[in-house]
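Heads up, the thing below is written out as structure tokens.
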Amino acid sequence: MDTATITAKSLLDSLFDNDILFETGVDGLYGRSGVFEEVIERFQRLVTRLGAPDKATAIHFPPGMSRATLEKSGYMKSFPQLAGCVHSFSGNERDHAKLLGMMAAGEDWTELQQATEVALTPAACYPLYPTVAARGPVPDEGLLFELSSYCFRHEPSQDPARMQLFRMREFVRIGTSDQVRAFRESWLERGKAMIESLGLPCEVDVANDPFFGRGGKMMANNQRDQGLKFELLIPVSSVEKPTACLSFNYHQDHFGQTWGLKFADGSLCHSACVGFGLERVALALFRHHGPDVAAWPAAARAVLWEA
Amino acid sequence: MRLVKLEARRKMIDRIRSLFARNDALPFDIEKLSDQDNLYDAGMTSFASVQIMLAIEEEFDTEFPERMLTRRTFASVANIAEAVSQLTEQSN
Ligand SMILES: [Zn+2]
């Protein structure tokens with residue numbers, strides 16, 4: 001791929017042309033080739049290897065979570081534009097006939113659906129906090145989890161690095177402010193070294209989440225002023241606006257307060273998470289090293305295939 | 001002249017304080033804080049500061065420009081009053 005003139009759309013087209021991604025008719029929802037999945041699997045193994053000394057507890061959540069949990073987490077305050085709730089038909093036969101009639105007439109039949117108790121998971125760590133809180137006090141040394149989930153964000157785009165359904169791998173540390181910040185520091189270093197070992201250009205920068213509206217502008221400024229979020233950026237669909245492939249988030253005691261995550265002495269827990277955007281890392285590799293994985297630089301291949 | 005100005009500022013601060021008193025998401029009693037006390041230190045969350053921001057815009061019929069939507073602007077009652085007087089003086 002000609003990296004000098006790449007745009008989001010040309011990158012997407014070249015991924016289609018090389019049978020790495022497959023169109024589905026919806027921007028941001030794509031089929032993945034076997035090779036694409038193999039790259040993700042090998043990258044996951046690399047992450048597992050780097051994180052192994054920390055002995056995290058692994059939990060795999062499905063891509064849907066409790067809607068009540070999403071509501072209580074405050075997600076709708078900050079990101080109403082990205083959330084997705086699952087709706088389903090629960091009417092009787094008469095309602096069913098009406099639904100089919102509306103569908104046949106090209107009318108909006110979706111009003112006959114009702115919200116279920118399921119919402120799509122927006123970030124891998126959201127289902128974790130109430131699960132941990134239900135298990136009682138957090139031990140003094142804190143807790144460490146390793147998560148992986150498909151996530152949904154409603155932001156249709158022709159930028160392949162901005163998918164609506166994508167996988168996020170996370171490590172989540174719950175503990176004292178010092179413990180969780182030390183954890184984040186260690187991953188800022190490990191994450192950068194890991195991406196550099198794959199022969200990818202990257203930089204780490206302070207960042208903010210895409211909070212909704214004018215109030216969101218202030219939330220974003222607050223987040224930046226306090227250095228709560230850092231991102232590891234790699235040029236994927238644009239050189240000027242590199243893509244966040246890893247993120248390093250310090251939540252202070254937001255989730256501790258929301259879910260009552262406490263130590264035995266009653267003090268509130270802080271939390272931090274490190275997220276790996278798996279599709280984004282794979283896209284960065286294809287974008288910089290080309291569509292043929294056999295022709296990737298030996299150093300990158302050695303890290304992913306031979307270790 | 002100066003007394004009139006001070007009086008106006010006191011009134012504005014009272015209006016700002018009443019907005020805090022009406023917001024039940026705040027973990028503190030605004031009456032117990034001075035105009036200079038740091039509201040974030042007192043437990044105001046980022047989201048609560050957004051609610052306050054929107055309430056102030058409505059109360060004073062004004063709109064904060066982006067450059068003023070910072071942590072510092074909303075860090076104390078005095079800072080908010082300063083920002084509001086800048087905005088209302090500009091529009092007068
Ligand atoms: Zn997270």
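The values are calculated or read from the model by the stated rules, or taken from the named source; none is laboratory data. All of these numbers come straight from a predicted model, not from anything done at the bench. Backbone-built Cβ (ideal geometry, glycine too); neighbour counts: all protein chains shown.
Look at (1) in a loop (DSSP other than H, G, I, E, B); (2) more than 18 Å from B:Ala21 (Cβ to Cβ) and you find that B:Met44 fails only one, number (2).
Taking B:Glu31, is it facing chain A (nearest Cβ under 10 Å) and assigned to a helix (DSSP H, G or I)? No: the conditions fail for B:Glu31. Residues that are within 13 Å of chain A (Cβ to nearest Cβ) and among the charged types (D, E, K, R) within segment B:69-85 comprise B:Arg71, B:Arg72, listed in sequence order. Scanning segment A:162-197 for residues that are away from the ligand (no atom under 15 Å from the Cβ), buried (at least 16 other Cβ atoms within 10 Å of the Cβ) and farther than 26 Å from A:Asp140 by Cα yields A:Arg162, A:Met163, A:Gln164, A:Leu165, A:Met194, A:Ile195, A:Ser197. If you go through segment A:208-228 and keep only what is assigned to a loop (DSSP other than H, G, I, E, B) and among the small types (Gly, Ala, Ser), you end up with just A:Gly227.
Considering segment A:141-161, the residues that are closer than 30 Å to A:Asp265 by Cα and within 15 Å of the ligand (Cβ to nearest atom) include one that is surrounded by the most Cβ atoms within 10 Å (Cβ to Cβ), namely A:Leu147.
Remark: pairs (first residue in segment A:212-228, more than 9 Å from every other protein chain (Cβ to nearest Cβ); second residue surrounded by 19 or more Cβ atoms within 10 Å (Cβ to Cβ) and of a type in the set (Ser, Thr, Tyr); Cβ separation under 9 Å; 6+ apart in sequence or on different chains) = A:Phe212/A:Ser78; A:Gly227/A:Tyr250; A:Leu228/A:Tyr250. Tell me, please, whether a residue that is out of contact with any Phe, Trp or Tyr (no Cβ under 8 Å at 6 or more places or on another chain), among the hydroxyl-bearing types (Ser, Thr, Tyr) and within 19 Å of B:Lys5 (Cβ to Cβ) can be found in segment B:64-87. Within segment B:64-87, one or more residues are out of contact with any Phe, Trp or Tyr (no Cβ under 8 Å at 6 or more places or on another chain), among the hydroxyl-bearing types (Ser, Thr, Tyr) and within 19 Å of B:Lys5 (Cβ to Cβ).
If you filter segment B:53-67 down to residues that are surrounded by 18 or more Cβ atoms within 10 Å (Cβ to Cβ) and at the interface with chain A (Cβ under 10 Å from one of its Cβ atoms), you find that the one that is farthest from A:Asn222 (Cα to Cα) is B:Phe64.
Looking only at residues in segment B:17-34 that are at pLDDT 90 or above and surrounded by 15 or more Cβ atoms within 10 Å (Cβ to Cβ), the one that is farthest from B:Glu59 (Cα to Cα) is B:Leu33. Exactly one residue out of A:Val132, A:Val138 is within 16 Å of the ligand (Cβ to nearest atom) and either surrounded by 14 or more Cβ atoms within 10 Å (Cβ to Cβ) or modelled with pLDDT under 95 (or both), and it is A:Val132.
Considering (1) surrounded by fewer than 11 Cβ atoms within 10 Å (Cβ to Cβ); (2) within 14 Å of chain B (Cβ to nearest Cβ), the lone condition that A:Gln114 does not fulfil carries the number (2).
In the condition set (1) assigned to a loop (DSSP other than H, G, I, E, B); (2) surrounded by 13 or more Cβ atoms within 10 Å (Cβ to Cβ); (3) modelled with pLDDT of 95 or more, A:Ile6 is compliant with all but (3). Among the conditions (1) without any contact (Cβ under 8 Å) to a residue 12 or more places away in the chain; (2) part of a helix (DSSP H, G or I), the only one that A:Gly31 does not satisfy is (2). The set of residues in segment A:34-58 being crowded, with 17+ Cβ neighbours inside 10 Å and either on the phi > 0 side of the Ramachandran plot or not in a helix (DSSP H, G or I) (or both) consists of A:Ala56 alone.
Tell me, please, whether a residue that is surrounded by 20 or more Cβ atoms within 10 Å (Cβ to Cβ), away from the ligand (no atom under 15 Å from the Cβ) and outside any loop (DSSP other than H, G, I, E, B) can be found in segment A:198-206. Checking segment A:198-206: not a single residue is surrounded by 20 or more Cβ atoms within 10 Å (Cβ to Cβ), away from the ligand (no atom under 15 Å from the Cβ) and outside any loop (DSSP other than H, G, I, E, B).
Within the set A:Ala264, A:Ala244, A:Ala302, the sole residue that is closer than 30 Å to A:Leu12 by Cα and either surrounded by fewer than 16 Cβ atoms within 10 Å (Cβ to Cβ) or touching a Ser or Thr at 6+ places or on another chain (Cβ under 8 Å) (or both) turns out to be A:Ala302.
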